[in-house]
Amino acid sequence: MFRAKVEKVAGATATSQDYALCTMLHSNLAAATFDSLQPDKQLIVLDVGLAMAATVDFFSQFKCKLLFVDLYAEDFVTDISEDISHQELVSLFRQSLNIPDNCTIDICLFWDFFNYLDGTLIKAFIEALQPYVGEHTRGFGLGALNSRCQLPNSCYGLMAKDTLTQCPRSDEQRPVFPHSQRDLKDYLDYFEINKSRLMSDGRVEYLITRCNDSVRVKKPIF
Amino acid sequence: MFNFKKDTDTGRSALNKSSRSSSDVTKRASVSIGGKTMIGSTVVIEGNITSAEDLIIEGKVSGTISAAGHEVTVGQAGQLNANISAKIVRIEGKVEGDISGGEKVIISKTGNVLGNIDAPRVTLEDGAKFKGSIAMDPDEKPAIKAVPNGKSDLFPGAATSDKTNAS
């Protein structure tokens with residue numbers, strides 16, 4: 001059974017005032033995360049961000065299990081230590097994810113989480129997630145068009161298959177590591193960026209899928 | 001004149017009676033209002049609560065709360081380290097524990113929940129804080145599920161004996 005960490009009750013979030021500033025975003029690719037779902041099977045969704053009312057409301061039409069972990073707020077993500085090893089980071093991510101054994105995630109809502117991680121952290125996160133990723137697992141992410149682009153300090157929800165909600169976070173803007181699509185593709189290991197679309201504000205949305213092993217071995221090794 | 005005095009006396013008597021009642025209520029663990037039992041904000045309960053009527057909790061509870069077929073509301077002052085099982089669960093305060101709703105679970109904008117929710121329908125209001133999992137099934141027929149093993153393993157240290165303290 002999914003077990004949230006006891007010592008950290010849901011912390012930083014958008015305040016009531018912040019919700020008044022929420023905006024809607026059109027998405028061309030979020031709907032594609034639903035393409036390979038099996039009917040009647042319980043849908044397992046991992047949301048690495050804040051639990052948003054819109055997301056819970058949207059998924060209430062499905063037989064599903066939503067896992068909300070808000071990795072953005074984890075200390076080891078915000079206070080990056082150079083002394084920590086890759087395996088320790090993997091272990092920390094796995095503890096934070098706290099996903100039950102034998103659980104295979106259908107949809108990963110990464111939002112813009114990768115932009116708050118450097119390459120080392122992305123690789124550790126991807127490795128920590130691997131036991132819960134199946135052949136048909138799909139992910140959705142938001143990124144910067146290039147490393148010069150800035151991202152707003154926002155949290156996201158899914159209002160409809162083609163509509164996102166974006167609300168300002170009340171906590172401080174953390175350091176951002178905008179990755180180009182090329183760099184991100186290399187960090188994602190067993191995932192690949194299946195499709196990407198430029199959004200109206202200069203951001204990019206990604207449909208992320210599991211890549212086959214022949215593609216995976218061609219990726220550069222860091 | 002006589003009537004006036006009599007009325008005044010009656011009024012004073014009623015006032016004194018009212019004051020006593022109010023004082024008594026604050027010392028009780030709970031008070032029943034219109035078919036709902038309220039656990040006041042100064043009440044601390046360690047143990048298991050089983051209720052055959054609606055519950056409003058403004059105090060602190062550690063253990064389990066079971067109200068099959070009824071509604072449990074954790075008010076804004078409520079602080080629970082407890083698993084909750086009821087027909088409808090409404091959270092306005094702070095809860096650490098698993099929540100099972102036979103019909104629905106609502107976390108209001110002031111609610112703060114750390115745990116796992118299982119209900120046919122779940123509503124999270126804007127501003128609500130939640131960390132954990134939510135299992136929903138809109139086709140599931142409303143039913144009351146038992147609190148697993150009587151207590152969540154989230155709180156292994158919680159007392160098993162029923163103990164009530166009104167401070």
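Filtered by the rule that a residue be touching a His at 6+ places or on another chain (Cβ under 8 Å) and open to solvent by 10 Å² or more (accessible area, probe 1.4 Å), region B:75-87 gives a lone residue, B:Lys87. Checked against (1) at pLDDT 95 or above; (2) open to solvent by 10 Å² or more (accessible area, probe 1.4 Å); (3) within 12 Å of chain A (Cβ to nearest Cβ), B:Asp137 passes all but a single condition, namely (1). Condition test on B:Val95, is it under 25 Å from A:Ala20 (Cα atoms), open to solvent by less than 60 Å² (accessible area, probe 1.4 Å) and either at pLDDT 95 or above or more than 7 Å from chain A (Cβ to nearest Cβ) (or both)? Considered against the rule, which asks whether it is under 25 Å from A:Ala20 (Cα atoms), open to solvent by less than 60 Å² (accessible area, probe 1.4 Å) and either at pLDDT 95 or above or more than 7 Å from chain A (Cβ to nearest Cβ) (or both), B:Val95 comes out as no. For region A:4-11, state whether one or more residues are at pLDDT 85 or above and either over 14 Å from B:Ser133 (Cβ atoms) or within 14 Å of another protein chain (Cβ to nearest Cβ) (or both). No. Could you please find all residues in region A:59-99 being away from chain B (no Cβ under 11 Å) and among the hydroxyl-bearing types (Ser, Thr, Tyr)? Residues satisfying the conditions are A:Tyr72, A:Thr78, A:Ser81, A:Ser85, A:Ser91.
Taking B:Asp118, is it within 7 Å of another protein chain (Cβ to nearest Cβ), open to solvent by 50 Å² or more (accessible area, probe 1.4 Å) and not aliphatic (A, V, I, L, M)? Even if it seems obvious, please write down each step before you answer.
On the way: within 7 Å of another protein chain (Cβ to nearest Cβ): no; open to solvent by 50 Å² or more (accessible area, probe 1.4 Å): yes; not aliphatic (A, V, I, L, M): yes.
Criteria not met by B:Asp118.
When only residues in region A:96-121 that are on the phi > 0 side of the Ramachandran plot and touching a residue at least 24 places away in the same chain (Cβ under 8 Å) count, which is surrounded by the fewest Cβ atoms within 10 Å (Cβ to Cβ)? Top of the filtered list is A:Asn98.
Within region A:48-58, count every residue that is touching a helix residue (DSSP H, G or I) at 6+ places or on another chain (Cβ under 9 Å) and within 10 Å of chain B (Cβ to nearest Cβ).
Within region A:48-58, the first condition is being touching a helix residue (DSSP H, G or I) at 6+ places or on another chain (Cβ under 9 Å), and the residues that meet it are A:48-50, A:53.
When the remaining residues are screened for being within 10 Å of chain B (Cβ to nearest Cβ), the result is A:50, A:53.
Count: 2.
Hey, could you check region A:37-47 for residues that are farther than 22 Å from A:Phe114 by Cβ and more than 9 Å from chain B (Cβ to nearest Cβ) and say which is most open to solvent (accessible area, probe 1.4 Å)?
Going through region A:37-47, the residues farther than 22 Å from A:Phe114 by Cβ turn out to be A:37-43.
Retained after the next criterion (residues that are more than 9 Å from chain B (Cβ to nearest Cβ)): A:37-41, A:43.
On the way: A:Leu37: 52, A:Gln38: 117, A:Pro39: 111, A:Asp40: 143, A:Lys41: 85, A:Leu43: 10 Å².
So, considering only residues that are farther than 22 Å from A:Phe114 by Cβ and more than 9 Å from chain B (Cβ to nearest Cβ), the one most open to solvent (accessible area, probe 1.4 Å) is A:Asp40.
The values are calculated or read from the model by the stated rules, or taken from the named source; none is laboratory data. This is a predicted model, so every value here is computed, not measured. Neighbour counts are summed over all protein chains in view; Cβ atoms, including those assigned to glycine, are modelled from backbone coordinates with ideal geometry. Areas reflect the complete protein model, heavy atoms only, side chains present, ligands, DNA and RNA absent. Shrake-Rupley method; radii C 1.70, N 1.55, O 1.52, S 1.80 Å.
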